[in-house]
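The values are calculated or read from the model by the stated rules, or taken from the named source; none is laboratory data. Just so it is clear, the structure is predicted and the values come from calculations on it, not from any experiment. Virtual Cβ from ideal backbone geometry, glycine too; neighbours counted across all protein chains shown. In case anyone asks, the SASA skips ligands and DNA or RNA and just uses the protein heavy atoms, side chains included. Shrake-Rupley method; radii C 1.70, N 1.55, O 1.52, S 1.80 Å.
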Amino acid sequence: EETTTKTPAVEIDIMMIGDMLVHEGVVKSGKMDDGSYNYDHLYTNIAQDITAADVRIVNQETILGGSDFAYTGYPTFNSPTELAKNLEKAGFNLANLATNHCLDRGEQGIANELEAFSNTNIVTDGVYTSQEAFNTIPTFKKKGITFSFLAYTYGTNGIAPDYDYNVSYLDDDEIKSDVQKAKEISDVVIVSAHWGDENTFEPNDLQKHYAQLFADCGVDVVIGTHPHTIQPVKWIKGSSGNKMLCVYSLGNFIGGMLTTDNAIGGEIKFDFVKKNDKITIENVKWIPTVIHFEGN
């Protein structure tokens with residue numbers, strides 16, 4: 001009898017939550033009696049979802065500038081660096097840092113944030129303190145599959161970076177170059193895109209343009225942040241006939257915006273499945289989340 005050995009399928013579970021928007025009330029919720037900060041409580045109710053996934057992504061909306069600056073909320077944020085360790089303890093291993101608030105405390109804020117994350121096992125992208133770091137494509141491996149992670153923001157609230165390499169902005173030529181390099185060194189490309197109009201439920205023209213550009217470049221998944229409201233999940237066809245999963249906005253995971261629209265967000269879950277050397281996205285699932293408030 002002839003026998004054939006089939007390579008077993010490899011499945012990698014992905015999940016991402018919405019914006020970590022650290023308003024003053026959120027800062028205060030983690031202050032301990034000794035003056036330190038701990039935010040383990042923010043993740044208690046999603047602990048099972050985090051641990052069930054292989055890749056767990058978070059959008060750290062506000063800069064972790066730490067105690068070098070006053071802790072502030074809107075419009076120019078600064079959050080405790082302890083959040084990086086709390087995110088690691090919760091189980092997150094991938095973080096977007098490219099947001100419209102990433103320059104709220106200048107280059108020193110970025111340096112402090114990157115230092116905080118350097119003491120964790122979390123892979124980050126979006127802000128940098130050197131040209132070398134800007135030029136480097138972050139990669140990681142899971143179950144023999146190599147992933148690249150790219151992050152971009154539409155802007156930084158009119159604050160210019162000290163150096164061009166400090167922040168990764170949405171730019172057609174830069175994206176084409178980055179994705180090409182990423183595809184040469186990895187099997188899967190994941191993009192975090194900070195884009196869109198706040199408090200809207202549909203993608204704007206800029207989002208649609210870049211979503212199509214990402215798809216045409218061969219990106220596998222793009223997950224959007226920033227609008228603070230839920231926006232659609234779509235399959236977008238690329239110029240090579242490929243299909244890209246596009247999550248336009250997950251809304252807020254945590255924050256002090258008290259309207260119902262801003263308190264309801266989402267968690268996206270899906271699997272990368274490798275069968276016979278072909279990788280597909282399967283089992284896409286949206287899980288609604290809601291922010292719970294007490295007192296002030």
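Structural remarks
- Fraction of accessible area attributable to carbon and sulfur, the range 122-169 (%, probe 1.4 Å): 47 percent
- The chain: relative contact order as a whole-number percent, Cα under 8 Å and 6+ apart: 18 percent
- Rounded to the nearest 0.05, the FRET efficiency derived from the C-beta distance between Lys6 and Asn38 at R0 = 41 Å is 0.25.
- Taking label positions 7 Å along the Cα-Cβ direction at both Tyr163 and Lys181, the computed distance is 1.5 nm, reported to one decimal.
- Looking at the chain, the DSSP beta bridges with both ends there are about 55 percent antiparallel.
- Theoretical ellipticity at 222 nm over the chain - DSSP helices of four or more residues, -39500 (n - 2.57) apiece, nearest 500: -6500 deg cm²/dmol
- Protection proxy ranking of 70-83, 246-259, by the mean of other Cβ atoms within 10 Å over each peptide's residues and highest first, is 246-259, 70-83.
- Whole-Å distance, taken between Cα centres, linking the range 180-235 and the range 104-155: 18 Å
- Across all Cα atoms of the range 175-270, the radius of gyration (one decimal) and Dmax (whole number) stand at 14.0, 44 Å.
- The relative contact order of the range 189-296, computed from alpha carbon pairs under 8 Å that lie at least 6 residues apart in sequence, is 20 percent.
- Magnitude of the charge dipole for the chain, about its Cα centre and with charges confined to Cβ atoms of Lys, Arg (+1) and Asp, Glu (-1), is about 780 debye.
- Net +/- balance of residues flanking Asp171 in space, Cβ distance below 12 Å, scoring K and R +1, D and E -1: -4
- Sorting the segments 59-69, 264-274, 111-121 by their residues' average number of neighbouring beta-carbon atoms within 10 angstrom, most packed first, yields 59-69, 264-274, 111-121.
- Rounded FRET efficiency, nearest 0.05, which uses the C-beta distance separating Asn135 from Phe293 and R0 of 45 Å: 0.60
- Under 5 Å, built H, 5+ apart or other chain: amide partners of Thr81: Gly66, Ser67
- Anisotropy class assigned to the range 61-171 is oblate, per the alpha carbon gyration tensor with a/c at or over the 1.5 cut-off and a/b no larger than b/c.
- Share of carbon and sulfur in the accessible heavy-atom surface of the range 1-53 [1.4 Å probe, %]: 45 percent
- Span-like helix criteria (full DSSP H runs; alpha carbon extent of at least 15 Å along the helix axis; mean Kyte-Doolittle hydropathy of at least 0.0) are satisfied in the chain by no helix.
- Selection among Thr7, Ile175, Ile279 by position relative to the dipole of the chain gives Thr7 as farthest towards the positive end (Cβ unit charges, Cα centre).
- A dipole drawn for the chain from +1 and -1 charges on Cβ atoms has a positive end, and of Ala116, Tyr37, Val55 the residue lying farthest that way is Val55.
- For a straight C-alpha distance cut-off of 27 angstrom, the lysines reachable from Lys278 (same-chain residues fewer than eight places away being disregarded) are Lys6, Lys141, Lys142, Lys143, Lys176, Lys181, Lys183, Lys234, Lys237, Lys243, Lys269.
- Take every pair of alpha-carbon atoms less than 8 Å apart whose residues are at least six positions apart; their mean separation over the length of the range 175-233 yields a relative contact order of 46 percent.
- From most to least packed by mean Cβ count within 10 Å, the peptides 219-231, 150-162 give 219-231, 150-162.
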